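Participant: Pasting in a structure now, in C-alpha cells, and then I'll have a few things to ask.
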Amino acid sequence: QVQLVESGGGLVQPGGSLRLSCAASGRTFTTLSDYTMAWFRQHPNNERALIGTINYIGGTVVHGDAVDRFTISRDDAKNTLYLQMNNLKFDDTALYYCAAGPKTRDMLSKTSDFLVWGQGTQVTVSS
C-alpha cells in the first residue's frame with residue numbers, strides 16, 4: 001500500500017503564502033523518485049484540476065495562473081512533496097490534493113493517470 005497525507009492548508013489573506021506538504025508512506029512505497037507526483041485542486045461542484053507535476057528526474061511543470069506563483073518540490077529524504085504558494089488570490093480557494101502516478105519522463109496531466117491520492121487539505125483565501 002502507498003498512502004499520501006496532505007497538510008498545511010488553512011485560512012490566509014490575499015497576497016499571503018502557504019506551503020502545503022504531502023507525506024508519502026506505506027508498505028510498497030520506496031521513494032518519491034519512483035513516481036510522478038502531482039498537485040491538484042478542486043472547487044465545489046467542479047472537477048479536479050491539475051496544478052502541476054514533478055517527474056522522477058525532478059523536472060517540474062506548473063499550469064495556468066499558478067505558473068508565476070506556485071512552486072512544486074520534493075524532499076526524498078523526508079518522503080515529502082511540497083507546494084509553495086505565494087501571492088494567493090481569492091480564486092485559489094479550493095480543496096488541494098496530492099497524487100502519485102507512474103514513473104515516466106513524460107509529464108502526465110490527466111486525473112486518470114494518478115492512481116494514489118491524498119485525502120485533501122482545504123485552502124481558503126479571504127480578507
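The values are calculated or read from the model by the stated rules, or taken from the named source; none is laboratory data. Note that the structure is a prediction, hence the values are computed from the model and not measured. Here Cβ is always computed from backbone atoms with ideal geometry, including for glycine, and neighbour counts include all displayed protein chains. Just so you know, the surface numbers come from the protein's heavy atoms only, side chains and all, with ligands and any DNA or RNA stripped out. Shrake-Rupley method; radii C 1.70, N 1.55, O 1.52, S 1.80 Å.
Participant: Report the per residue volume, in Å³, of the convex hull enclosing the C-alpha atoms of the chain. Each step should come with its number before you reach the end.
Facilitator: Details: hull volume 11.8 nm³, N = 127.
Hull volume over Cα atoms, normalised by residue count, gives 93 Å³.
Participant: Of Ala24, Ile54, Val12, which is farthest towards the positive pole of the chain's charge dipole, taken about the Cα centre with +1 and -1 on the beta-carbons of Lys, Arg and Asp, Glu respectively?
Facilitator: Final value for the positive-end residue is Ala24.
Participant: Rg (Å, one decimal) plus Dmax (Å, integer) for the alpha carbons of the range 79-127?
Facilitator: Taking only Cα atoms of the range 79-127, I get Rg and Dmax of 13.2, 41 Å.
Participant: State, to one decimal in nm, how far the label point of Asn46 lies from the label point of Arg27, with both points 7 Å from Cα in the Cβ direction.
Facilitator: About 3.9 nm, to one decimal.
Participant: Continuing with the same structure: If I model a spin label as a point 7 Å beyond the Cα along the Cα-Cβ vector, how far apart are those points for Asn87 and Ser112 in nm?
Facilitator: 3.6 nm
Participant: Also: Suppose every K and R has +1 on its Cβ and every D and E has -1 on its Cβ; what is the size of the dipole of the chain about the Cα centre, in Debye to the nearest 20? Spell out each step's value before the answer.
Facilitator: On the way: 11 positive and 11 negative charges, 37 e Å.
With only Lys, Arg, Asp and Glu charged at Cβ, the dipole is about 180 debye.
Participant: Under the Karplus relation 6.51 cos²θ - 1.76 cosθ + 1.60, θ = phi - 60°, what is the ordered set of whole-Hz ³J(HN,Hα) values for the range 84-93, x standing for Gly and Pro?
Facilitator: Once θ is set to phi - 60°, the couplings for the range 84-93 become 8, 10, 10, 6, 5, 10, 4, 6, 7, 4 Hz.
Participant: Under 25 Å from the Cα of Lys78, which lysines turn up, not counting those fewer than eight places away in the same chain?
Facilitator: Lys103
Participant: Which value, in Å², gives the accessible area per residue of the chain when a 1.4 Å probe is used on the protein heavy atoms? Intermediate values should be presented prior to the final figure.
Facilitator: On the way: 6510 Å² over 127 residues.
With the other protein chains kept in place, the chain gives 51 Å² per residue.
Participant: Once neighbouring chains are kept in place and the probe is 1.4 Å, which whole percent of the accessible area of the range 1-76 is contributed by carbon and sulfur? Can you show the working numbers first?
Facilitator: Details: 1770 of 3860 Å².
Carbon and sulfur: 46 percent of the exposed surface of the range 1-76.
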